[in-house]
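The values are calculated or read from the model by the stated rules, or taken from the named source; none is laboratory data. Please read these numbers as outputs of a predicted model, since none were measured by experiment. With ideal geometry, Cβ positions are generated from the backbone for all residues, glycine too; neighbour counts draw on all protein chains shown. Surface accessibility is based on the protein's heavy atoms, side chains included, excluding ligands, DNA and RNA. Shrake-Rupley method; radii C 1.70, N 1.55, O 1.52, S 1.80 Å.
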2 protein chains.
Amino acid sequence: MLEMPAPIDGTAPGPLKKQLRLNAIDMMCMGCTPGIWTHPRDQSEGYTSLRYWTELAKILERGKFDAIFIADIFGVYDVYRGGTAPAFLNAVEFPVCDPMMVVPAMALVTEHLGFGVTGTISYELPYSFARRVSTLDHLTEGRFAWNIVTGYLASAARAFGLKDQLTHDERYDRADEFMEIVYKLWEQSWDEDAVVRDKKSGVFAHPEKIHKVSHKGRWFEMEGYHLCEPSPQRTPLLFQAGASNRGREFAAKHAECVFIGGNTRPIVARSVADIRRRAVEQGRDPRSVLIFAALTVVTAPTDEEARAKYEDYRRHVNIEGTLALISGYSGIDFSRYDLDAPIAFFESNAIQSFVEAFTVADPSRIWTLREVALDAGVGGSGPKEVGSPQTIADALEQWMRETDIDGFNLVYAVTPGDTLDFVDLVVPELQRRGIYKTEYSPGTLREKLFGAGMCHLRSDHPGAAYRVQPDVP
Amino acid sequence: MLEMPAPIDGTAPGPLKKQLRLNAIDMMCMGCTPGIWTHPRDQSEGYTSLRYWTELAKILERGKFDAIFIADIFGVYDVYRGGTAPAFLNAVEFPVCDPMMVVPAMALVTEHLGFGVTGTISYELPYSFARRVSTLDHLTEGRFAWNIVTGYLASAARAFGLKDQLTHDERYDRADEFMEIVYKLWEQSWDEDAVVRDKKSGVFAHPEKIHKVSHKGRWFEMEGYHLCEPSPQRTPLLFQAGASNRGREFAAKHAECVFIGGNTRPIVARSVADIRRRAVEQGRDPRSVLIFAALTVVTAPTDEEARAKYEDYRRHVNIEGTLALISGYSGIDFSRYDLDAPIAFFESNAIQSFVEAFTVADPSRIWTLREVALDAGVGGSGPKEVGSPQTIADALEQWMRETDIDGFNLVYAVTPGDTLDFVDLVVPELQRRGIYKTEYSPGTLREKLFGAGMCHLRSDHPGAAYRVQPDVP
């Protein structure tokens with residue numbers, strides 16, 4: 001059994017002992033939060049164009065971001081006011097395009113940036129999904145990552161012809177089976193030395209080194225050869241963001257990188273410890289799971305300017321749209337509550353953790369639903385840091401020290417403005433402090449994150465168990 | 001009822017009355033025919049890299065090709081010798097990657113080239129497929145086309161967890177239902193004026209102009225809003241290649257462009273007349289269906305050099321691989337037949353039409369299975385033209401005059417060499433003769449092919465029937 005890691009950094013003095021990692025979070029829709037697309041600096045209405053994505057990719061590579069992560073969703077937000085009108089009026093994660101499609105164009109204009117995309121297991125067929133992912137891993141030369149999601153909107157289930165979605169835990173059970181199939185396709189179907197491509201002999205591959213995989217389970221039954229020869233990473237780098245108990249269990253088993261939310265550092269620290277503990281229970285090295293916390297950063301040369309910028313963003317928040325979003329997340333129709341009554345007085349069963357989280361994050365304020373929406377409407381419901389590059393760098397260090405995270409998922413408010421600000425102002429400050437890379441490491445995305453030679457899944461990862469063991473002579 | 005078209009051009013003297021259209025056929029694998037990847041000039045082993053596809057796209061746009069068409073397949077060829085070894089050894093359309101993934105990168109480096117990709121209805125979910133296609137139509141600014149395929153390999157069905165594939169006609173019935181759903185999503189879900197994107201008022205779209213579509217049929221049941229706002233073409237340009245009676249019926253109903261095979265001009269002429277007649281029966285203008293014949297062209301400055309090039313290609317054909325391919329197509333294990341016996345003496349029920357077609361195409365030769373494979377191994381089993389640019393241009397004109405086709409699907413033997421030869425040698429000759437464009441037309445792919453203003457499906461196309469009619473005030 002692997003031992004639990006000693007608490008690192010923590011409150012220890014001196015420089016941070018690990019490098020901070022950065023992902024940029026995005027979505028192929030009109031911005032990450034409702035209403036901000038109306039800001040004069042925001043360019044998210046270009047989300048259907050190739051140039052929009054290739055320009056963003058170039059900015060991120062200039063800022064040495066590890067990866068861009070494009071979230072995805074299949075359903076529509078129809079809980080608030082019992083219908084879709086608020087979501088449609090305000091472009092609340094709708095319309096939303098297929099995010100895998102922008103990866104090849106972004107890969108063409110970059111050399112190192114990683115590309116993480118959400119793939120929703122409930123609405124994919126494992127055989128064709130495995131091929132699509134392998135194709136992207138080939139085309140990006142090993143820079144592809146998959147954010148494993150099971151899906152949470154009932155409207156999506158109906159769009160795919162299901163009466164309703166499976167229960168929460170059933171979705172994860174089915175997802176475990178889906179993972180088993182794709183591991184077999186990625187890890188087991190082709191031996192490492194199957195492909196020879198010898199023009200002289202005319203032999204492309206050794207047929208006896210290409211294996212048919214089969215699966216017969218509760219949810220799936222199939223047999224077939226993986227259609228792609230092994231891509232640089234084989235299994236793409238695996239991300240997951242499960243927050244529930246069953247979701248955490250799934251993440252601790254499969255994820256190499258975990259996304260977490262949480263509005264305060266103590267809350268995040270507890271989540272991090274929990275995830276590392278669960279990884280150990282799964283027989284994995286707890287340090288082989290990189291953990292990223294969501295964070296919105298608004299920065300400017302001075303604290304005062306940053307503050308003014310943040311206040312300006314708040315004026316563009318669309319309250320109705322934001323409530324439609326959080327009603328969809330929670331399943332609670334918040335239109336039934338008084339916008340200006342303190343949420344502390346709502347019936348407690350109506351207050352979901354993410355609404356309560358605001359009062360936890362800042363108990364000195366009186367939080368109303370309006371205040372919650374205004375806060376969540378700037379870069380999402382996660383924590384925010386607003387200030388000069390020095391202030392931001394101090395805050396990021398503090399997050400790293402107190403929570404044991406490995407880095408951040410940056411969520412913009414205005415795009416690409418906030419990303420540009422971060423790259424131009426904060427990145428140099430982080431580099432000056434020696435806590436952020438000045439050059440990318442070579443190799444695949446997995447190697448960049450875990451070190452040279454770590455091209456494939458680690459041997460203690462459950463996916464590695466599906467590999468065909470080399471014959472012992 | 002629309003009238004049948006008067007026979008055009010035919011044997012009439014004088015210049016061709018219509019412009020010749022060109023698509024380049026490809027596949028995301030080690031070349032279109034087995035073995036040719038061993039040729040020193042062939043570069044198909046780069047098929048997993050972005051540069052391979054973007055360089056090809058630039059060559060095609062330089063040659064003013066209307067589109068590149070990337071075929072696809074989900075199964076493996078396992079009929080020949082009762083197993084997959086010959087197909088795996090010789091890279092017979094295996095491995096094969098997801099062709100949709102190279103479209104965005106090719107679109108980034110071109111302005112006019114169209115992108116047609118095979119999408120296999122049997123193995124796609126209509127809701128997510130419709131979104132993926134709309135995303136590509138957005139990103140390419142209306143240059144996307146879909147080649148509608150139902151799938152024909154039993155091994156693919158098993159890989160997707162089906163006991164066996166549906167019967168041939170059932171596959172088409174199911175495909176008709178699939179088309180109904182995607183038409184509703186593409187044509188009906190969003191009114192033309194639904195999106196306003198008004199930064200001042202903050203209104204993204206009028207909710208009452210976005211409609212939930214629903215479907216309840218034999219094969220599918222679903223309800224949902226299309227997740228993408230209308231893309232430039234809405235329904236992508238539709239290609240189909242059905243050769244059977246049921247396939248032709250499907251093509252005549254849905255296809256705007258039809259791919260046909262056929263080794264002689266009289267055979268192709270009969271197919272063309274049949275497709276146009278069936279289109280009329282469906283209430284469509286027979287000229288609204290563009291018909292493309294498969295053709296392999298091997299060219300060089302002189303006839304003699306072209307002939308020598310062709311003979312050189314034949315020496316790289318992989319006989320076993322080619323037999324694995326045609327065994328897969330036909331379902332007949334050709335390993336049971338003598339490679340050097342004249343095929344005329346085979347039991348007739350074992351000789352499928354595409355094998356017989358060789359004797360029909362050139363009855364002056366004695367065709368053996370080896371000769372069939374050598375012929376089919378250079379650019380596929382379709383017709384070939386080998387010669388100088390003048391010889392080729394004469395031949396293309398003759399094909400156009402005698403068959404009433406609208407253009408060609410060019411199939412290379414060696415890639416990108418044959419395409420480069422065609423662009424550098426034949427295209428200028430066609431342009432000199434005034435039968436090939438010297439500039440692209442503006443607009444979407446559908447407009448380039450059918451004229452200005454023809455951005456969407458024609459009103460006589462069955463997909464147009466799903467549009468919401470504007471309210472009459």
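A compact table of results
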{"quantity": "Residue-level accessible surface for B:Val133, protein heavy atoms, 1.4 Å, Å²", "calculated": "0"}
{"quantity": "Helix B:126-139 axis, angle to chain B major axis (alpha carbon atoms, nearest 10°)", "calculated": "90"}
{"quantity": "Per-residue HN-Hα couplings for segment B:363-373 [Karplus 6.51, -1.76, 1.60; θ = phi - 60°; Hz; x = Gly/Pro]", "calculated": "x, 6, 9, 8, 8, 10, 4, 4, 5, 4, 5"}
{"quantity": "Shielding by other protein chains, B:103-111, mean Cβ within 10 Å", "calculated": "5"}
{"quantity": "Interface A:B - total buried accessible surface [probe 1.4 Å, Å², rounded to 100]", "calculated": "6500"}
{"quantity": "Test item: A:28-36 mean partner chain Cβ contacts at 10 Å", "calculated": "2"}
{"quantity": "Amide H contacts of A:Thr368 (H built 1.01 Å from N, under 5 Å, at least 5 apart or other chain)", "calculated": "A:Ile343"}
{"quantity": "A:Ala273-A:Lys216 FRET efficiency (beta carbon distance; Förster radius 45 Å; 0.05 resolution)", "calculated": "0.75"}
{"quantity": "Rg and Dmax of the protein assembly as shown, Cα atoms only, in Å", "calculated": "29.1, 95"}
{"quantity": "Estimated 222 nm signal from helices in the protein assembly as shown, with DSSP H stretches of n ≥ 4 weighted -39500 (n - 2.57), rounded to 500", "calculated": "-10000 deg cm²/dmol"}
{"quantity": "Under Karplus coefficients 6.51, -1.76 and 1.60, residue-wise ³J(HN,Hα) of segment B:185-194 in Hz, glycine/proline x", "calculated": "5, 6, 9, 9, 6, 10, 5, 4, 9, 5"}
{"quantity": "Amide H partners (placed H, <5 Å) of B:Gly114, local residues excluded", "calculated": "B:Ala67, B:Ile68"}
{"quantity": "Accessible-area order (highest first, 1.4 angstrom probe) of the listed residues A:Trp219, A:Trp399", "calculated": "A:Trp219, A:Trp399"}
{"quantity": "Accessible carbon and sulfur surface of the protein assembly as shown relative to its total accessible area, %, 1.4 Å", "calculated": "52"}
{"quantity": "Distance-filtered residues of segment A:104-126 - backbone nitrogen under 20 Å, label point 7 angstrom along A:Lys58 Cα→Cβ", "calculated": "A:104-115"}
{"quantity": "Cα long-axis angle, helix B:265-281 against chain B (0 to 90 degrees, to the nearest 10)", "calculated": "20"}
{"quantity": "Cα long-axis angle, helix A:168-183 against chain A (0 to 90 degrees, to the nearest 10)", "calculated": "40"}
{"quantity": "Solvent-accessible surface (1.4 angstrom probe) belonging to A:Ser335, in square angstrom, nearest 10", "calculated": "40"}
{"quantity": "Karplus 3J(HN,Hα) series, Hz, for segment B:244-255 with 6.51 cos²θ - 1.76 cosθ + 1.60 (x for Gly, Pro)", "calculated": "6, 4, 5, x, 4, 5, 5, 4, 5, 7, 9, 6"}
{"quantity": "Accessible area in square angstrom per residue, chain B, 1.4 angstrom probe", "calculated": "36"}
{"quantity": "Solvent accessible area, Å² - A:Lys437, 1.4 Å probe, full protein context", "calculated": "30"}
{"quantity": "Nonlocal amide H pairs with B:Trp190, under 5 Å, H built at 1.01 Å", "calculated": "B:His211"}
{"quantity": "Size-normalised alpha-carbon gyration radius of chain B, reference 2.2 N^0.38 Å", "calculated": "0.98"}
{"quantity": "Shielding by partners - mean other protein chain Cβ count within 10 Å, residues of B:65-76", "calculated": "1"}
{"quantity": "Value of relative contact order over segment A:67-128, rounded to a whole percent, pairs C-alpha under 8 Å and six or more apart", "calculated": "46"}
